[in-house]
Amino acid sequence: MARPTRRNAGTTAGEVLLWLLFFALLVPAGFTGWAIGHYTAGKKQTVTRTVTGAAPAPATTQATPTSTTAAATAATATRAATTTPATTAATTTASTAAGNPAQGKSAFASSGCGACHTFRPAGSSATIGPDLDTKPAPDAKKNNMQLAAFIRESIVNPNAYIAPGYAKGVMPQTFGSTLTKTQLADLVAFIAAGSK
């Protein structure tokens, strides 16, 4: 019969100390991680607010052309009304920025725009994206677009025009589908009203 081997007392004591050290470090680290997760989880919450409001009904006018030239002029005026911001009630159409700038401020905040853009009316000063106080008007002019149409396009299709000094693909591509038409119109009106 084989005789059992005896363990060295020094090796046994070393193993015991190693296990005690392991548990002495593991238990406080585990408790600390639990405490941090438990006490900070309830402090920050992501809140999504959907702001809706009724847009004013568009005013329309009937033109009765008396000649072919008058008909062409009326057709041109109709096309121009869909791409230019409304200045009178007669040229306001559903596709122009007929939003509410006050509601647009809420949409700006709830969509997180201030995390990337400087915009004084919203009280934001981030520099990841273009400065909305000064950039939209000259950029719209460079692209031969009306300001409201340019701002809307920049929100719905942010890679259509990239301002010099900024990278493509940084702005989320989802605002066209996540914002309602009213929110989008309000946001465009808010930015257009504050841009110089």
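If you filter the stretch 117-130 down to residues that are surrounded by fewer than 19 Cβ atoms within 10 Å (Cβ to Cβ) and touching a Cys at 6+ places or on another chain (Cβ under 6 Å), you find that the one that is nearest to Ser195 (Cα to Cα) is Ala126.
Would you be able to say whether some residue in the stretch 99-106 is under 12 Å from Ile191 (Cα atoms), modelled with pLDDT under 90 and in a loop (DSSP other than H, G, I, E, B)? Checked against the condition, which is being under 12 Å from Ile191 (Cα atoms), modelled with pLDDT under 90 and in a loop (DSSP other than H, G, I, E, B), the stretch 99-106 yields at least one hit. Among the residues of the stretch 165-196, those that are more than 21 Å from Ser106 (Cβ to Cβ) and in contact (Cβ under 8 Å) with a residue 40 or more places away in the chain comprise Val170, Lys196. Scanning the stretch 131-145 for residues being outside any loop (DSSP other than H, G, I, E, B) and surrounded by 14 or more Cβ atoms within 10 Å (Cβ to Cβ) gives a total of 4.
In the stretch 132-144, the residues that are in contact (Cβ under 8 Å) with a residue 12 or more places away in the chain and farther than 24 Å from Ala109 by Cα reach residues that are part of a loop (DSSP other than H, G, I, E, B) and not acidic (Asp, Glu) with C-beta atoms within less than 8 angstrom, at least six apart or across chains, in these pairs: Asn143/Tyr161. Within the stretch 182-196, identify whether any single residue is surrounded by fewer than 18 Cβ atoms within 10 Å (Cβ to Cβ), at pLDDT 90 or above, at negative phi and not in a helix (DSSP H, G or I), and answer yes or no. No, the stretch 182-196 contains no residue that is surrounded by fewer than 18 Cβ atoms within 10 Å (Cβ to Cβ), at pLDDT 90 or above, at negative phi and not in a helix (DSSP H, G or I). Taking the stretch 103-116 as the range and being in contact (Cβ under 8 Å) with a residue 12 or more places away in the chain and either in contact with a strand residue (DSSP E or B) (Cβ under 6 Å, 6 or more places away or on another chain) or surrounded by fewer than 15 Cβ atoms within 10 Å (Cβ to Cβ) (or both) as the test, the residues that pass are Gly114, Ala115.
Filtering the stretch 146-164 to residues that are in contact (Cβ under 8 Å) with a residue 24 or more places away in the chain and either surrounded by fewer than 18 Cβ atoms within 10 Å (Cβ to Cβ) or not in a helix (DSSP H, G or I) (or both) leaves Gln146, Val156, Ala163.
The values are calculated or read from the model by the stated rules, or taken from the named source; none is laboratory data. Keep in mind the model is a prediction, meaning the values are calculated, not measured. Counting neighbours? That spans all protein chains shown, and the Cβs are built from the backbone with ideal geometry, glycine included.
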